[in-house]
Amino acid sequence: MNRKLTATAAAIATAAALTLTGCASMTEPFNDAPIERKDDSPAEVYSMPDGFANVATKCDRHGNRIYTTRGGDSGGGGKAVAVVANDPSCAKR
């Protein structure tokens with residue numbers, strides 16, 4: 001009977017430990033890099049026909065143009081980013 005009690009206590013302790021450590025990641029911060037400045041100004045968006053990915057573009061404060069897109073309806077679930085360095089249409093701020 002002593003073995004059953006010990007085995008049951010060990011099983012309960014193991015289940016409790018796994019449950020408590022599993023929840024630890026829910027309370028941790030995201031550990032993102034610090035943000036010095038954030039640019040929430042509107043982007044120019046090119047809306048593509050249904051099923052194709054839309055494209056957004058805007059200039060950063062260094063004179064570079066940034067293009068970004070998300071996958072369309074048919075399979076392209078990934079995201080793409082392109083940067084055109086020293087774009088003449090982007091003024092440095």
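Going through (1) over 20 Å from the mean Cα position of the chain (by Cα); (2) among the hydrophobic types (A, V, I, L, M, F, W, C); (3) modelled with pLDDT of 85 or more one by one, Cys23 falls short only on (3). The residue list Ala91, Ala85, Ala56, Ala80 contains one member that is surrounded by fewer than 14 Cβ atoms within 10 Å (Cβ to Cβ) and at pLDDT 90 or above, which is Ala85.
The values are calculated or read from the model by the stated rules, or taken from the named source; none is laboratory data. Quantities reported herein were computed from a predicted structural model and do not represent experimental measurements. Quick reminder, even Gly has a Cβ in these numbers, built from the backbone with ideal geometry, and neighbours come from all protein chains shown.
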